[in-house]
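One structure below.
The values are calculated or read from the model by the stated rules, or taken from the named source; none is laboratory data. Owing to the predicted nature of the structure, the values given are computational and were not obtained by experimental measurement. Ideal geometry is used to build each Cβ from the backbone, glycine not excepted, and the neighbour counts take in all protein chains shown. Surface areas here come from the heavy atoms of the whole protein model, side chains and all, with no ligands, DNA or RNA. Shrake-Rupley method; radii C 1.70, N 1.55, O 1.52, S 1.80 Å.
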Amino acid sequence: LEMNKALALEPAMADAWHYVGIYYMQNGNYSNAYEAFDSVIELSPEHDFVYLNRGLTSYYDGQFDMAFTDFADFYFQDPSDAYRIAWQYFAAFELDSGRATEQLRQQMQAVPARTWGGGILRFLAGDISENQLISAAFQGIETHQELVERLCEAYFYLGKKAAMQGDTEQALNYFKLVLMTNVYSFVEHRVARAELYRLREADQKSVP
């Protein structure tokens with residue numbers, strides 16, 4: 001409501017359109033989300049996160065070609081960012097899993113392996129185990145909040161890997177753990193419900 005009030009006063013406020021788009025995306029109103037993010041791009045083509053969030057909208061709307069394109073644009077803004085690499089990988093996997101893994105291995109070379117982000121990519125690539133990723137989440141932590149944030153991300157990427165391998169039950173458990181961290185500002189938390197919905201919908205369709 002506040003963002004709509006702001007837009008009524010200043011229709012060219014890109015950040016307001018961006019927040020409206022995120023709201024629509026999280027609530028599954030993808031057509032309105034597309035319109036909001038398109039407005040952001042029209043007003044501010046270099047906006048930091050619009051390509052991520054429009055890509056997420058396309059991804060959870062099942063439009064994987066569109067998602068891949070937006071995630072690619074987001075990736076090229078900072079090719080050393082592990083999270084940008086991960087999201088492009090998720091979209092690419094839906095289009096061609098083999099090629100996606102090859103691309104992941106090429107792109108992850110730009111991320112130091114011993115960093116937290118590097119660990120996430122190594123896990124997705126199959127170079128380290130679930131236990132090793134969880135163990136890495138506890139390293140270099142100074143506060144409880146930092147640990148909760150790390151676990152939010154760890155549970156999410158563990159859930160994604162399980163879902164991609166067809167282990168629906170394990171994936172559901174991990175995405176539920178993501179929600180239990182209550183790290184509302186993280187994209188992993190924002191989309192965990194959408195992941196749960198996708199898995200449950202796919203499970204229902206598989207029942208004769």
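Within the range 80-93, identify whether any single residue is among the charged types (D, E, K, R), buried (at least 17 other Cβ atoms within 10 Å of the Cβ) and modelled with pLDDT of 95 or more, and answer yes or no. Spell out the reasoning first.
Residues of the range 80-93 that are among the charged types (D, E, K, R), as a first pass: 81, 84.
Now narrow it down to the ones that are buried (at least 17 other Cβ atoms within 10 Å of the Cβ): 84.
Within this subset, residues satisfying the condition of being modelled with pLDDT of 95 or more are 84.
Taking every residue of the range 80-93 in turn, at least one turns out to be among the charged types (D, E, K, R), buried (at least 17 other Cβ atoms within 10 Å of the Cβ) and modelled with pLDDT of 95 or more.
Count, please, the residues in the range 69-90 that happen to be in a helix (DSSP H, G or I) and within 22 Å of Leu133 (Cα to Cα). Reasoning before the result, please.
As a first pass, look at the range 69-90 and keep what is in a helix (DSSP H, G or I): 69-77, 82-90.
Among the residues that remain, those that are also within 22 Å of Leu133 (Cα to Cα) are: 82-90.
Selection size over the range 69-90: 9.
Are there helices (runs of 4 or more DSSP H) fully within the range 112-208 with at least 2 residues that are open to solvent by 80 Å² or more (accessible area, probe 1.4 Å)? List them.
Working: elements: 116-124, 130-137, 144-164, 168-180, 187-206.
Helices (runs of 4 or more DSSP H) meeting the threshold: 130-137, 144-164, 168-180, 187-206.
Can Glu102 be described as under 21 Å from Phe74 (Cα atoms) and acidic (Asp, Glu)? Break it down into steps so the answer makes sense when it comes.
Details: under 21 Å from Phe74 (Cα atoms): yes; acidic (Asp, Glu): yes.
It is true that Glu102 is under 21 Å from Phe74 (Cα atoms) and acidic (Asp, Glu).
For the range 26-38, give me the residue count where each residue is closer than 22 Å to Phe76 by Cβ and either surrounded by 18 or more Cβ atoms within 10 Å (Cβ to Cβ) or within 16 Å of the chain's Cα centre (by Cα) (or both). Full working, then the answer.
If we filter the range 26-38 for residues that are closer than 22 Å to Phe76 by Cβ, which is where we start, we get 34, 37-38.
Going one step further and asking which of them are either surrounded by 18 or more Cβ atoms within 10 Å (Cβ to Cβ) or within 16 Å of the chain's Cα centre (by Cα) (or both), we end up with 34, 37.
Number of matching residues: 2.
Across the range 181-192, what is the total count of residues that are of a type outside the set (Val, Ile, Thr) and under 12 Å from the mean Cα position of the chain (by Cα)? Working first, answer last.
Taking the range 181-192 and keeping what is of a type outside the set (Val, Ile, Thr), we get 182, 184-186, 188-190, 192.
Next cut, under 12 Å from the mean Cα position of the chain (by Cα) only: 186, 188-190, 192.
The total comes to 5.
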